[in-house]
Amino acid sequence: MKRWPIIPTMIVIIAVGIMIGLGVWQLQRKAEKEALLARYNAADGLPAVMWPVVPDPKALPLFRHSTVMCGNVIKIESVSGSNRAGDAGFAHVASCQTGGAEGVNAKVAIGWSERPQSPSWSGGLVRGIIAPDGVQLIKLVSTDPADGLQQLALPSPAQIPNNHFLYAIQWFIFAAAASIIYVLAVRKRLKTP
């Protein structure tokens with residue numbers, strides 16, 4: 001008579017335990033993300049903050065009002081973006097030096113246009129809202145577009161996804177599926193002469 005395989009069963013139990021652990025971790029991340037989003041939603045009513053030249057990744061002042069002096073424009077890039085009306089087009093983002101420091105100290109989204117050609121902009125004082133940026137961690141989205149450009153869609157915490165509950169459900173489904181498939185495969189093997 002065939003016996004239940006011990007080592008493969010232990011491997012499956014460990015794998016299922018890891019999947020369940022990942023599901024629980026995603027539920028914890030969901031609560032953390034909800035608290036973070038609540039803080040971001042409250043930022044609109046808070047006073048303006050100084051532009052952080054060296055942003056702390058653990059305490060980014062996202063969605064707060066701020067100003068930055070773009071003393072020297074290093075380059076202007078055109079990336080996909082939308083205006084306040086929701087029209088698709090191009091956001092023009094300037095990489096700036098602030099003060100006497102070397103390198104890029106601030107990224108500033110100076111406005112929107114239908115065409116990718118970057119405008120000529122020589123810098124200056126920019127007022128806006130701090131938004132996430134994939135390279136510099138933060139950028140300032142100007143509330144006063146540069147000459148010849150339209151106002152960009154303002155950054156909002158609603159643009160940050162909170163999919164952790166769905167990820168948790170996926171991990172729990174994976175754990176259940178792995179368990180069921182393994183039990184059915186072993187039972188079939190045990191019944192085979």
Quiz item: Tell me, what % of the accessible area of segment 40-136 is carbon and sulfur with a 1.4 angstrom probe?
Solution: 52 percent
Practice problem: Provide the descending list of Cα extents for the chain along its principal axes, expressed in whole angstroms. | Solution: 84, 34, 33
Quiz prompt | Helix axis angle, 164-191 relative to the chain longest principal axis, alpha carbon, degrees | solution = 20 degrees
Quiz item: What does the helix-only formula give at 222 nm for the chain: each DSSP H stretch with n ≥ 4 adding -39500 (n - 2.57), the total divided by the residues, and the result rounded to the nearest 500 deg cm²/dmol?
Solution: -12500 deg cm²/dmol
Exercise. With springs only between Cα atoms under 10 Å apart, run a GNM on the chain and tell me which of Arg39, Arg64, Arg115 wobbles the most.
Key: Arg115
Self-check item: Lysine pairs meeting the criterion (Cα under 15 Å, 8 or more apart or interchain), as found in the chain
Solution: 6
Practice problem: Determine the per residue accessible area of segment 44-120 with all protein chains present and a 1.4 angstrom probe, expressed in square angstrom. | Solution: 56 Å²
Self-check item: Neighbour count of at most 13 Cβ within 10 Å plus DSSP loop: longest GluC sites (Glu not before Pro)-free window in the chain
Solution: 1-101
Quiz item: Which of rounded, prolate, oblate describes segment 116-193, given a ≥ b ≥ c as roots of the alpha-carbon gyration tensor eigenvalues and a/c under 1.5 marking rounded, otherwise prolate only if a/b is larger than b/c?
Solution: prolate
Quiz prompt | 25 °C / 0.890 mPa s Stokes-Einstein diffusion coefficient of segment 112-151, Kirkwood radius on C-alpha pairs, µm²/s | solution = 214 µm²/s
Exercise. Can you bin segment 10-60 into rounded, prolate or oblate? Criterion: square roots of the alpha carbon gyration tensor eigenvalues sorted a ≥ b ≥ c, rounded for a/c under 1.5, prolate for a/b above b/c, oblate for the rest.
Key: oblate
Exercise. Note the angle between two axes, namely the Cα long axis of helix 6-42 and the longest principal axis of the Cα atoms of the chain, as a number of degrees from 0 to 90, rounded to the nearest 10.
Key: 30 degrees
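The values are calculated or read from the model by the stated rules, or taken from the named source; none is laboratory data. This is a predicted model, so every value here is computed, not measured. Note: ideal-geometry Cβ built from the backbone for every residue, glycine included; neighbour counts use all protein chains shown. The area values use the complete protein model at the heavy-atom level, side chains included, leaving out ligands, DNA and RNA. Shrake-Rupley method; radii C 1.70, N 1.55, O 1.52, S 1.80 Å.
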